[in-house]
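Data block below; observations after.
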Amino acid sequence: MGLEQQIRSQILTSTLEKFVNWARKSSVWPATFGLACCAIEMICTAANRFDIARFGMEAFRASPRQADLMIVAGTVTKKMVPAVVRIYEQMPEPKWVIAMGACASSGGIFRSYAVVQGIDRYLPVDVYVPGCPPPAGSSALRDPQAARKDPQRSVPHAEGRARRGRSPRGAGPSGGAGVSAEAPKRTYLEEVMDGLPDGAVAKRESFREQWAVVVRQEALAEVMRELRNRWGFRYLIDVTAVDFHPRNPRFQIVYHLWCHEHNVMLRVKAWVEGDPPSVPSMTALWSTANWHERECYDLFGILFDGHPDLRRILLPDPWEGHPLRKDYPTEGPDWDVD
Ligand code: SF4
């Protein structure tokens, strides 16, 4: 073979444009970020089973400057749009966008005030991937191993052993000992409820082995102080509210308290009167009340007297109204992201 033929058999000639585009097509680098459940599927594509490294795409880039593909994986909230658009703007040209899943493509099941009804309202989408979520590798559904009727897995508690253990939600009226044939003893929670100030409790409720006390609004501050300081409920797990519109009073405030020493949870509820509705702030007793109360204010419009900094925490400051109120329009007011 002459030298000329030898060289021809080992060298390809092309245009620079074709060559660069071939390289780009074979090594798309996605920006690393995810928004909701679809992001888990996106992450799986990079893991061992589906392994997009096979297509030269393993390099998820932490910096948008090094990425040329944005996979919008998940529900896009209106609050998140400015951040998503900013990441896109920081990516160099040429760049592409995949709307992964029903939420990114159209808002999915979330036809609500807070969710963007399709990211293509803000970004030029090149590819829409249907599904909720789109599986990381749809061929997996046809995988004969995965489709086997007998998965060859043992079933917990199937060998005659009793189910025992604590409810992860905390102790019930039997003291949290799980299923028991013994007669229930007087528990710490019953002691606590009996020991609360006279006339403060309007009602006791037990649901699925969890106790709640409905406290009169005027006694709320005193009851909460007693629960923390006398009965050892040092952990305020959560503060939330329920809107019973059109009932009057329409709001009920709900506190979840935990006592580590006795390993029990107690729920405290109170009907909230007033227009605007207001209750005392618990920030002096539990510092965690701070942002829980801001959330209740933000979403329900309940005021907390004595809160050191009562302002919105989830929604943008100019937002009008309180979206978890039952009479709030489902899709909310139009809100311009710019
Ligand atoms: S499309 Fe489905 S899986 Fe994906 S983010 Fe929306 S709800 Fe989650």
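Counting only residues that are on the phi < 0 side of the Ramachandran plot and more than 25 Å from the chain's Cα centre (by Cα), segment 251-267 holds 5 of them.
You will find that of R65, R8, R49, R54, the residue that is over 23 Å from the mean Cα position of the chain (by Cα), away from the ligand (no atom under 16 Å from the Cβ) and surrounded by 12 or more Cβ atoms within 10 Å (Cβ to Cβ) is R8 and no other.
In the list L220, L236, which residue meets the criterion of being touching a Phe, Trp or Tyr at 6+ places or on another chain (Cβ under 8 Å) and either in the same structural domain as M282 (by TED's automatic domain parsing) or touching a residue at least 12 places away in the same chain (Cβ under 8 Å) (or both)?
On the way: L220 fails: touching a Phe, Trp or Tyr at 6+ places or on another chain (Cβ under 8 Å).
Answer to the check: L236.
Might you check whether a residue that is away from the ligand (no atom under 16 Å from the Cβ) and of a type in the set (F, W, Y) occurs anywhere in segment 125-138? Within segment 125-138, not a single residue is away from the ligand (no atom under 16 Å from the Cβ) and of a type in the set (F, W, Y). S27 falls short of the stated requirement of being modelled with pLDDT under 90 and surrounded by fewer than 11 Cβ atoms within 10 Å (Cβ to Cβ).
If the condition is being in a loop (DSSP other than H, G, I, E, B) and either modelled with pLDDT of 95 or more or within 16 Å of the ligand (Cβ to nearest atom) (or both), then segment 72-96 contributes G74, T75, V76, K78, K79, M80.
Consider segment 31-43. How many of its residues are within 12 Å of the ligand (Cβ to nearest atom) and either modelled with pLDDT under 85 or of a type in the set (S, T, Y) (or both)?
Looking only at segment 31-43, we keep the residues that are within 12 Å of the ligand (Cβ to nearest atom), and these are 34-42.
Checking the rest, the ones that are also either modelled with pLDDT under 85 or of a type in the set (S, T, Y) (or both) come to none.
The qualifying residues number 0.
Might you let me know whether segment 240-254 holds any residue that is surrounded by 20 or more Cβ atoms within 10 Å (Cβ to Cβ), assigned by TED's automatic domain parsing to the domain that holds V192, in contact with a Leu (Cβ under 6 Å, 6 or more places away or on another chain) and not in a loop (DSSP other than H, G, I, E, B)? No: zero hits.
A quick yes/no check of all residues on (1) more than 30 Å from F207 (Cβ to Cβ); (2) within 16 Å of the ligand (Cβ to nearest atom); (3) modelled with pLDDT of 85 or more:
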position: I98; (1), (2), (3): yes, yes, yes
position: S105; (1), (2), (3): yes, yes, yes
position: G108; (1), (2), (3): yes, yes, yes
position: D120; (1), (2), (3): yes, yes, yes
position: R142; (1), (2), (3): yes, no, no
position: A147; (1), (2), (3): yes, no, no
position: A162; (1), (2), (3): no, no, no
position: G172; (1), (2), (3): no, no, no
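The conditions are (1) more than 27 Å from the chain's Cα centre (by Cα); (2) closer than 30 Å to I109 by Cα, and K18 fails exactly one of them. Which is it? That leaves (2) as the condition not met. Annotation note: Cβ proximity below 9 Å between a residue of segment 45-56 that is among the basic types (K, R) and a residue that is at pLDDT below 75 (sequence gap 6+ or interchain) occurs for R49/A136; R49/G137; R49/A140.
The values are calculated or read from the model by the stated rules, or taken from the named source; none is laboratory data. All values reported here derive from a predicted model rather than from experimental measurement. Cβ atoms come from the backbone with ideal geometry, glycine included; neighbour counts cover every protein chain shown.
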